[in-house]
Amino acid sequence: MIQTETAVTTQTTGLLAEADKSILFTTKRPSIVMERGEGMFMWDTEGKRYLDFIAGWAVNALGHSPAVLREALAEQSGTLVHASPAYYNKPMIQFAELLTHISGMDKAFFASSGSEANESAIKLARKHGAKKMNGAYEIITVKNGFHGRTLAMMSATGKPEWETLFAPKVDGFKHVPINDLDACFAAVNNNTCAIMLELIQGEGGVNVVDEAYLYGLRKICDMYGMPLIIDEIQTGLGRTGKLFAFEHYGIKPDILTLGKAIGGGFPLSAMLTTDKYDIFEQGNQGGTYTGAPLSMAAGYAVVKEIARSNLSRNAELQGQYLKVKLSGLSLDLPISNIRGKGLLLAFDVPEGLGPKLAAACQDAGLLINAPKPSAIRLMPPLIVAQEHSDLMIDILRREMSSLLA
Ligand code: PLP
């Protein structure tokens, strides 16, 4: 049946009214309802198309509803959906083998969200502190970083706005400024059991860690015999132009956390570590959904496809192309400080313009993100092609020019 425009509009209005009535408020959402996705695009219930340069917050690495993910889910759901965390299952073993192989780590633990993977990393570091470092428990993290929204991860995150939120905080985190090795060194004491950071702070506005700084952090951890935890939940699996951002630096973490892209949209995360830190005892860590066959099959299919199609190389090339195009825009428009690696990019705009520009672009059918009032972040699916970047730049130019006119 052909729907009239009025019928569709009525449907959307009804959905929005129902959402208002029944969904707990946590964030302001625009008056649109997303319905369908394919490749680089999503469509709302009005049939309007959006070019997606947010990718569900760096999640849809293979684009929307990729065939490999759909097929893996269909096949596994017809075989075994959930087996209980008490048992091994085939996809779990297969996926752990793939992830340890491509990352150079030895052991994998699986969870459903990035926050949980990071919680596992903190537990593992504290376990090591308890066993090998006379009970050391404190973890040094970096200001303006982001590690998730559980109570412990909010404490780890060190966002100034979260300082007093949901007090009392989880104890045992010290925050130091990014790229300040002296400050980190000064923060280490007898209680310190790990250093944890992102290599590009995504939520913090795309701030890149310096090579010398990371090398220094690696040295501090080696000197004290404590783990370096790298949170690659946003940067991992091809996004920065390498499979893992740590490969840009020539160092290795002791504990690595992955999320977002790992499931291509299916809720999944992982904590990887080395044999040295295979030290959890029975019952220390777990979860109902850890290593569940359906999520493992999804993750295996997605990660295998990212590696098979060499999407990190595409991220590198398309990222370079986007940087050139953005530099071109900056000749006519107030765009500055173009930064980031691969397809995790940001640039500054005049203070306060970020959210207005993101909203105007959304109205014009382009999804971009303003992590700060003065910044725009781009993190498209890793399958993005030049034609999509050209379209994005056209919309951006038009909307920014008209906002500034
Ligand atoms: N760590 C980083 C670097 C992130 O960017 C995020 C989410 O944005 C998280 C952790 C938390 O992941 P999740 O929202 O899946 O719990």
Given (1) among the polar types (S, T, N, Q); (2) closer than 20 Å to Ala117 by Cβ; (3) modelled with pLDDT of 95 or more, Thr157 misses just (3)
Examine the range 147-157 for a residue that is over 21 Å from Thr26 (Cα atoms), of a type outside the set (Asp, Glu) and either in a loop (DSSP other than H, G, I, E, B) or away from the ligand (no atom under 14 Å from the Cβ) (or both), and state whether such a residue exists. no
Qualifying position, being over 20 Å from Asn369 (Cβ atoms), away from the ligand (no atom under 16 Å from the Cβ) and under 21 Å from the mean Cα position of the chain (by Cα), among Asp180, Asp210: Asp210
Pull up the range 222-235, narrow it to residues that are outside any strand (DSSP E or B) and within 15 Å of Ser120 (Cβ to Cβ), then point me to the one that is nearest to the chain's Cα centre (by Cα). Ile233
List pairs: first in the range 186-204 and farther than 14 Å from Arg218 by Cβ, second hydroxyl-bearing (Ser, Thr, Tyr) and more than 15 Å from the ligand (Cβ to nearest atom), Cβ under 9 Å, 6+ apart or cross-chain? Asn191/Tyr137; Thr192/Tyr137; Thr192/Tyr224; Cys193/Tyr137; Cys193/Tyr224
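Provide a single number: the residues in the range 319-344 that are part of a loop (DSSP other than H, G, I, E, B) and more than 25 Å from the chain's Cα centre (by Cα).
Our first condition is that a residue be part of a loop (DSSP other than H, G, I, E, B); within the range 319-344, this holds for 330-335, 342-343.
Next cut, more than 25 Å from the chain's Cα centre (by Cα) only: 330-334.
Qualifying residue count for the region: 5.
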Would you mind finding the one in Ala58, Ala111 that is within 16 Å of the ligand (Cβ to nearest atom), surrounded by 15 or more Cβ atoms within 10 Å (Cβ to Cβ) and either within 18 Å of Ala301 (Cβ to Cβ) or outside the structural domain of Glu247 (by TED's automatic domain parsing) (or both)? Ala58
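Working carefully through the options Glu138, Glu161, Glu97, find the one that is more than 25 Å from Ala301 (Cβ to Cβ) and without any contact (Cβ under 8 Å) to a residue 40 or more places away in the chain. Give the derivation first.
On the way: Glu138 fails: without any contact (Cβ under 8 Å) to a residue 40 or more places away in the chain; Glu97 fails: more than 25 Å from Ala301 (Cβ to Cβ).
The conditions single out Glu161.
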Please tell me if Pro350 is touching an Asp or Glu at 6+ places or on another chain (Cβ under 9 Å), modelled with pLDDT of 95 or more and in a loop (DSSP other than H, G, I, E, B). no
All positions within the range 213-246 that are more than 11 Å from the ligand (Cβ to nearest atom), among the hydrophobic types (A, V, I, L, M, F, W, C), under 22 Å from Gly264 (Cβ atoms) and touching a strand residue (DSSP E or B) at 6+ places or on another chain (Cβ under 9 Å): Leu237, Phe244, Phe246
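Would you confirm whether or not the range 296-312 contains a residue that is among the polar types (S, T, N, Q), in a helix (DSSP H, G or I) and within 30 Å of Ile393 (Cβ to Cβ)? Explain how you work it out, then say what you get.
Step one: list which residues in the range 296-312 are among the polar types (S, T, N, Q), which gives 309-310, 312.
Those left that are additionally in a helix (DSSP H, G or I): 312.
With the extra rule that they be within 30 Å of Ile393 (Cβ to Cβ), the set shrinks to 312.
Yes, that holds for at least one residue.
Part of a strand (DSSP E or B) and more than 20 Å from Gly340 (Cα to Cα), is that true of Ala136? Can you show your working first?
Numbers: part of a strand (DSSP E or B): no; more than 20 Å from Gly340 (Cα to Cα): yes.
Answer is no for this residue.
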The strands (runs of 3 or more DSSP E) lying wholly within the range 15-130 that contain at least 2 residues that are within 25 Å of Ile251 (Cα to Cα) and of a type in the set (Phe, Trp, Tyr) are 107-111
Out of the residues in the range 247-261 that are part of a loop (DSSP other than H, G, I, E, B) and not acidic (Asp, Glu), state the one that is nearest to the ligand (Cβ to nearest atom). Gly259
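So, in the range 183-203, of the ones that are surrounded by fewer than 21 Cβ atoms within 10 Å (Cβ to Cβ) and among the small types (Gly, Ala, Ser), which residue ends up farthest from the ligand (Cβ to nearest atom)?
Taking the range 183-203 first, the residues surrounded by fewer than 21 Cβ atoms within 10 Å (Cβ to Cβ) are 183, 185-191, 203.
Those left that are additionally among the small types (Gly, Ala, Ser): 183, 186-187.
Working: Ala183: 21, Ala186: 25, Ala187: 21 Å.
In this case the residue turns out to be Ala186.
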Which listed residue is among the charged types (D, E, K, R) and outside the structural domain of Ser113 (by TED's automatic domain parsing), from Lys242, Lys252, Lys304, Lys323: Lys323
Counting only residues that are surrounded by 22 or more Cβ atoms within 10 Å (Cβ to Cβ), polar (S, T, N, Q) and under 21 Å from the mean Cα position of the chain (by Cα), how many does the range 61-82 have? 0
How many residues, within the range 264-281, are within 16 Å of the ligand (Cβ to nearest atom) and buried (at least 24 other Cβ atoms within 10 Å of the Cβ)? 6
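The values are calculated or read from the model by the stated rules, or taken from the named source; none is laboratory data. In this text the structure is predicted, and so the values were computed from the model without any measurement. In this analysis, Cβ positions are derived from the backbone assuming ideal geometry, glycine residues included, and neighbour counts consider all displayed protein chains.
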